[in-house]
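Below is one structure; the comments refer to it alone.
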Amino acid sequence: MTDDLTDDASRPALPVRRKWRPAMIWLFAGFAVFAYAFDQLTKLWVTSTMTEGERIPVLPPLLHWYYIRNSGAAFSIGENVTWVFTIVMAGVSVAILLQLRRLGSAWWALSLGLLLGGALGNLTDRLFREPSFAMGHVVDFIQVPNFAIFNIADSAVVSGVVIICLLTLRGVGMDGTRQVAAPKTAKPAEPAGGSNEETVGE
């Protein structure tokens, strides 16, 4: 019986694969569309109702709308290299789409959907906003104390990355399987009477 337990412990756990992968694709698409549409609609609202540089208190001093155009990456990082971020965001979007055949987890669908929607939101700005194609400046408008000005797409990307990190730490795979620790090997029972060692008298 001990040998059986040892053999079981040495074998990796075989989680049951999820059967509802098509539903996960639709869930992923829904989150991606939501993040993208929410980002683009808020940017449309900002550009049509505010002038660049305008600052509107919302929940002072914690939250203001502050309309700026950012040539850098998320949270105004890396300005003046706009074309690099355009290529990076396009590459990230393609990489996410190539991984969809493995998708079998609702949480991974959420994280990848937010990541793709946010990346496409800022990529749209890069491609079609001024000053030129693939060099456009991203619309940022959310301002909180002691932090860079950002937008909904930035928030979606960061949220997606945080969820992916948590899923990885918890051992949850993209296909919905989870790494389970192998059970400990059972110790053989000691015979009654204590140690097996024979005591030799003098």
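The values are calculated or read from the model by the stated rules, or taken from the named source; none is laboratory data. Since this is a predicted model, take the numbers as computed values, not measurements. No Cβ is skipped: glycine too gets one built from the backbone with ideal geometry, and neighbour counts run over all protein chains shown. Only protein heavy atoms, including side chains, enter the accessible area calculation; ligands, DNA and RNA are left aside. Shrake-Rupley method; radii C 1.70, N 1.55, O 1.52, S 1.80 Å.
So which residues in the range 40-65 are open to solvent by 100 Å² or more (accessible area, probe 1.4 Å) and of a type in the set (D, E, K, R), if there are any at all?
Selection gives Glu52, Arg55.
Hey, among Pro57, Pro22, which residue is modelled with pLDDT of 95 or more and not β-branched (Val, Ile, Thr)? Quick ask: steps written out before the conclusion?
Details: Pro22 fails: modelled with pLDDT of 95 or more.
Sole residue among the options that is modelled with pLDDT of 95 or more and not β-branched (Val, Ile, Thr): Pro57.
Could you identify the single residue in Gly136, Gly104, Gly173 that is over 20 Å from Leu63 (Cβ atoms) and under 14 Å from the mean Cα position of the chain (by Cα)? Quick ask: steps written out before the conclusion?
Details: Gly136 fails: under 14 Å from the mean Cα position of the chain (by Cα); Gly104 fails: under 14 Å from the mean Cα position of the chain (by Cα).
Selected residue: Gly173, the only one of Gly136, Gly104, Gly173 that is over 20 Å from Leu63 (Cβ atoms) and under 14 Å from the mean Cα position of the chain (by Cα).
For the range 120-164, give me each residue that is among the hydrophobic types (A, V, I, L, M, F, W, C) and closer than 22 Å to Glu54 by Cα. Explain how you work it out, then say what you get.
Going through the range 120-164, the residues among the hydrophobic types (A, V, I, L, M, F, W, C) turn out to be 120, 123, 127-128, 133-135, 138-139, 141-142, 144, 147-150, 152-153, 156-158, 161-164.
Hits for the range 120-164 are Val138, Val139, Phe141, Ile142, Val144, Phe147, Ala148, Ile149, Phe150, Ile152, Ala153.
Quick check, is Phe34 open to solvent by 80 Å² or more (accessible area, probe 1.4 Å), touching a helix residue (DSSP H, G or I) at 6+ places or on another chain (Cβ under 7 Å) and modelled with pLDDT of 95 or more?
On the way: open to solvent by 80 Å² or more (accessible area, probe 1.4 Å): yes; touching a helix residue (DSSP H, G or I) at 6+ places or on another chain (Cβ under 7 Å): yes; modelled with pLDDT of 95 or more: yes.
Criteria met by Phe34.
Can Gly173 be described as surrounded by 11 or more Cβ atoms within 10 Å (Cβ to Cβ) and modelled with pLDDT of 95 or more? Give the derivation first.
Numbers: surrounded by 11 or more Cβ atoms within 10 Å (Cβ to Cβ): yes; modelled with pLDDT of 95 or more: no.
No, not satisfied.
Are there any pairs with C-beta distances below 8 angstrom linking a residue in the range 32-44 that is over 15 Å from Val138 (Cβ atoms) to a residue that is open to solvent by 90 Å² or more (accessible area, probe 1.4 Å) and part of a helix (DSSP H, G or I), with the two at least 6 apart or on different chains, and if so which?
If the second residue must be open to solvent by 90 Å² or more (accessible area, probe 1.4 Å) and part of a helix (DSSP H, G or I), no pairs are left.
What is the residue count in the range 131-169 for residues that are under 22 Å from Tyr66 (Cβ atoms), out of contact with any helix residue (DSSP H, G or I) (no Cβ under 8 Å at 6 or more places or on another chain) and either modelled with pLDDT under 90 or among the aliphatic types (A, V, I, L, M) (or both)?
The number of residues fulfilling the criteria is 2.
Can you tell me how many residues in the range 127-141 are open to solvent by less than 10 Å² (accessible area, probe 1.4 Å) and touching a strand residue (DSSP E or B) at 6+ places or on another chain (Cβ under 7 Å)? Give the derivation first.
Step one: of the range 127-141, the residues open to solvent by less than 10 Å² (accessible area, probe 1.4 Å) are 136, 138-141.
After this cut, where a residue has to be touching a strand residue (DSSP E or B) at 6+ places or on another chain (Cβ under 7 Å) as well, the list is 138-141.
Final tally of qualifying residues: 4.
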